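Please read the structure below before turning to the comments.
The values are calculated or read from the model by the stated rules, or taken from the named source; none is laboratory data. Quantities reported herein were computed from a predicted structural model and do not represent experimental measurements. Glycine gets a Cβ as well: all are built from the backbone with ideal geometry, and neighbour counts include every protein chain shown.
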Amino acid sequence: MNKNLIRIAKEHSDATLVFDATAPSLVAVGETEIPIKEYDALVEISALCGTTPEEEIVSKRVEIEFGNVKSYDLSGRMIEELPSSIGNFRFLKSLFLEENRLSGLPESIGNLVNLERLIAYNNNISSIPKSVGRLFSIKNMDLDNNPLEAVPGEIYSLTKLERFDTYGNRFDRETRKRLLEELPSFRENYKNCADGTCSGFDNTFFDCGKHKSR
């Protein structure tokens, strides 16, 4: 046994703090050990849903690989505000936020530099923080059916973005024009929308009623 490894009971019955002189502090949740910052974020976020970190992991809403949270499903949880601690999941690749009551995203979302999928359709998101420009790994961003009127200029620098869904939003003509001209992923979705409801630049431009699947 590593003599530098000390386990100290925490106030939560399902967790144990782990201190190692040569590694970041970890928390053991059942058989799973994760960094303490990620655990603290799990505590805060799961509390919004009336659960515990262990329940989130057991229910498979949280997926952990190599000791780090890689996917978090917070869909359909009636969440109104996402805490800034979401930015603690620095190895997160998929974040599902659809079917909630979010009015925005925290600035700390930009800390998720490994994030590849951000799914947040059917919310009340009216603005996106400039920090999304730091989502260097993002490939799929789904913001369908939100009251967005504009996007930050930083979004045009996301070179890996392959799919940018914004149907049912409230972009003005100039925003739509720039998206079509400068964002290939947006332009491709426009070309593929062929059910007759996506013509012109009126407010029904993005209302395709497409089937949602992951």
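Some notes on this structure:
- When Asn4 is tested against (1) exposed (fewer than 15 other Cβ atoms within 10 Å of the Cβ); (2) modelled with pLDDT of 50 or more, just one condition goes unmet, and that condition is (2).
- Looking only at segment 151-182, and only at residues there that are hydrophobic (A, V, I, L, M, F, W, C) and surrounded by 19 or more Cβ atoms within 10 Å (Cβ to Cβ), the one that is nearest to Ile138 (Cα to Cα): Leu161
- Listed by first and then second residue, the pairs linking a residue in segment 45-70 that is touching a residue at least 24 places away in the same chain (Cβ under 8 Å) to a residue that is small (Gly, Ala, Ser) and exposed (fewer than 15 other Cβ atoms within 10 Å of the Cβ), with Cβ atoms under 8 Å apart and 6 or more places separating them unless they lie on different chains, are Glu54/Gly30; Ile57/Gly30; Val58/Gly30.
- Condition met for Ser94 (in contact with a Lys or Arg (Cβ under 8 Å, 6 or more places away or on another chain), of a type in the set (Gly, Ala, Ser) and surrounded by fewer than 19 Cβ atoms within 10 Å (Cβ to Cβ)): yes
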